[in-house]
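Colleague: Pasting a structure here, questions to come.
Each reported figure results from applying straightforward, stated rules to the coordinates on display, with no laboratory input. The model shown is predicted, which means the values in this text are computed figures rather than measured ones. Don't worry about glycine lacking a Cβ; one is built from the backbone with ideal geometry, like all the others, and counts go over all protein chains shown.
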Amino acid sequence: MKIPATAFISYSHRDEDARQDLITHLAMLRRDGSIAEWVDQKILAGGDIDTEVSRQLDQCDLFLPLVTPHFLASTYCYDTEMKRAIERHESGAMHIVPLIIEPCEWKASPLKRFKALPRDGKPVADWTNKNNAYLDIVTELRRLIAVGSTAAVGEPDGGARAQSGDTSRRYRVKRDFDEIDKRDFRKKAFDAIRAYFEAATAEVKAVDRKRWPAPTFRAECAVGMMPGHEQASF
């Protein structure tokens with residue numbers, strides 16, 4: 001049975017129109033069982049909002065923040081939902097895909113680490129036809145989910161996890177590196193190479209000291225007593 005990827009949609013309530021647009025464009029992914037999205041609108045009357053949000057953040061496979069100036073200004077979205085999502089990403093339990101809806105300074109936030117949609121992080125608002133922007137988003141999400149499903153099936157314990165009812169996914173997706181990633185990689189590679197050669201040089205010097213010990217005072221005295229040399233006087 002096909003297991004849908006669960007997606008937590010994080011948004012400011014001032015961006016309700018963008019949330020509705022995204023839900024509309026996810027229709028085909030929902031119909032074919034590829035995705036099951038969650039938004040706080042699904043919390044029933046009288047439900048504990050913080051508890052339910054926390055529970056969903058701990059269970060969902062994908063974190064889809066609708067990034068706008070309102071999202072970045074929202075304490076709850078930024079400091080609660082996004083912070084927890086990044087923690088789960090660091091443990092390999094969640095995949096974060098920023099959806100850039102409006103122009104804003106998102107590249108100054110922790111979201112700069114992640115490849116954003118639509119293509120090249122171009123805000124939906126900047127597309128001539130916003131439907132093309134959302135089509136780009138759902139196309140890439142479908143590709144991501146397909147790769148994630150394939151990886152889950154190929155895991156050594158995939159069958160055992162399925163039988164135990166564990167439906168969580170572990171996404172293993174080919175990553176597109178930006179300039180920041182490439183710079184960090186070069187720095188780490190250089191530091192690793194430098195550390196290797198420093199250790200190797202120290203090891204060679206240690207071997208040389210054992211193989212060619214420094215002349216002792218006794219040897220110097222012996223040289224002074226050899227024929228042709230005057231005996232050292234003390």
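Colleague: Below 8 Å, C-alpha to C-alpha, sequence gap of six or more: please give me the relative contact order for region 1-158 in percent. Before the final figure, lay out each step's value.
Modeller: Working: 195 pairs, mean separation 36.3, N = 158.
It rounds to 23 percent for region 1-158.
Colleague: Near Lys205, which lysines are there with a Cα under 28 Å away, not counting those fewer than 8 places off in the same chain?
Modeller: Qualifying lysines at Cα under 28 Å: Lys187, Lys188.
Colleague: Now, a different point. Hey, got the dipole for region 1-124? About the Cα centre, +1 on K and R Cβ, -1 on D and E Cβ, debye to the nearest 20? Each step should come with its number before you reach the end.
Modeller: Values: 16 positive and 19 negative charges, 98 e Å.
The dipole magnitude comes to about 480 debye.
Colleague: For the cross-link pairs Lys2/Lys107; Lys42/Lys107; Lys107/Lys130, which exceed 24 Å when the distance is taken from alpha carbon to alpha carbon?
Modeller: On the way: Lys2/Lys107 36 Å; Lys42/Lys107 30 Å; Lys107/Lys130 22 Å.
Beyond 24 Å between Cα atoms: Lys2/Lys107; Lys42/Lys107.
Colleague: Follow-up. Scan region 55-134 for GluC sites (Glu not before Pro) in coil per DSSP, keeping those whose Cβ has at most 16 other Cβ atoms within 10 Å, and list them by number.
Modeller: On the way: sites: Glu81, Glu87, Glu90, Glu105; in loops: Glu105.
Sites meeting the loop and neighbour criteria: Glu105.
Colleague: To continue, here is another question. Considering only region 1-136, what is the antiparallel percent among its DSSP beta bridges, to the nearest 5? Walk me through the numbers before you get to the answer.
Modeller: Working: 0 of 13 bridges.
The answer is about 0 percent antiparallel.
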